[in-house]
Amino acid sequence: MEKTKLLTVAVIGLLVINLGTLGFLLLGPKGHKPPHGGRPEPREIIIEKLHFDAGQQKEYGKLIQWHQGQIEQLDNNIRKAKNELYTLLSQPEINQKAKDSLIGVINANQTKVEQTHFKHFEDIRKLCHQNQMEDFNALTEELSRLFAPKPHGPGHEGPEHGGPEHE
């Protein structure tokens, strides 16, 4: 009988702890919780630092869509070329011309990625009003830090293109 009481108390205690945890998670502190381990999204950083109004935010959203589409296409091109490149390793003798050609394709797409990122920020600058240009200039000094690849944990490499994450 003593073991039954102990087991009942333990089950009730665990149930209370579980319900308390669920209650805290569901009803706990509200507010914005940035994804990626507490790191705000680039979109939010830019809107906040440049003090974009509603109209600028709408236009900025369009720029983000264009940027993401371009980067996705270029990333796919890079991934495809890398797959073809590393497939050459399975051949008994590696075709040097094919290897050099594929590395050239990867490099050309990587260059386009960086050009696309740069154009994206040129377009953001065009959205700024004159009174926001000082904030934009300050932002440009932080770009490499703000848009550094997000850590993926041990053994994981960062994004292939090395620039701003998909906003």
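The values are calculated or read from the model by the stated rules, or taken from the named source; none is laboratory data. Owing to the predicted nature of the structure, the values given are computational and were not obtained by experimental measurement. Virtual Cβ from ideal backbone geometry, glycine too; neighbours counted across all protein chains shown. In case anyone asks, the SASA skips ligands and DNA or RNA and just uses the protein heavy atoms, side chains included. Shrake-Rupley method; radii C 1.70, N 1.55, O 1.52, S 1.80 Å.
Tabulated data
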{"item": "Relative packing of peptides 84-91, 59-66, 46-53 - highest average C-beta neighbours within 10 Å first", "result": "46-53, 59-66, 84-91"}
{"item": "Two-site label geometry, LEU25 and LEU143: point separation in nm, points 7 Å out along Cα→Cβ", "result": "4.0"}
{"item": "Cα-projected label distance for LYS126 with LEU88, points at 7 Å along beta-carbon direction, nm", "result": "3.8"}
{"item": "Restraint check, LYS82/LYS119; LYS58/LYS112; LYS58/LYS82; LYS58/LYS80; LYS97/LYS119; LYS80/LYS119, Cα-Cα greater than 28 Å", "result": "LYS58/LYS82; LYS58/LYS80; LYS97/LYS119"}
{"item": "Accessible carbon and sulfur surface of region 1-134 relative to its total accessible area, %, 1.4 Å", "result": "60"}
{"item": "Per-residue ³J(HN,Hα) for region 121-130, Karplus 6.51 cos²θ - 1.76 cosθ + 1.60, θ = phi - 60°, Hz, x for Gly and Pro", "result": "6, 4, 5, 5, 4, 5, 6, 6, 7, 3"}
{"item": "Separation in nanometres of the label points that stand 7 Å from Cα toward Cβ, at GLN65 and PHE118", "result": "2.7"}
{"item": "Per-peptide average of other Cβ atoms within 10 Å, ordering 132-143, 104-115 highest first", "result": "104-115, 132-143"}
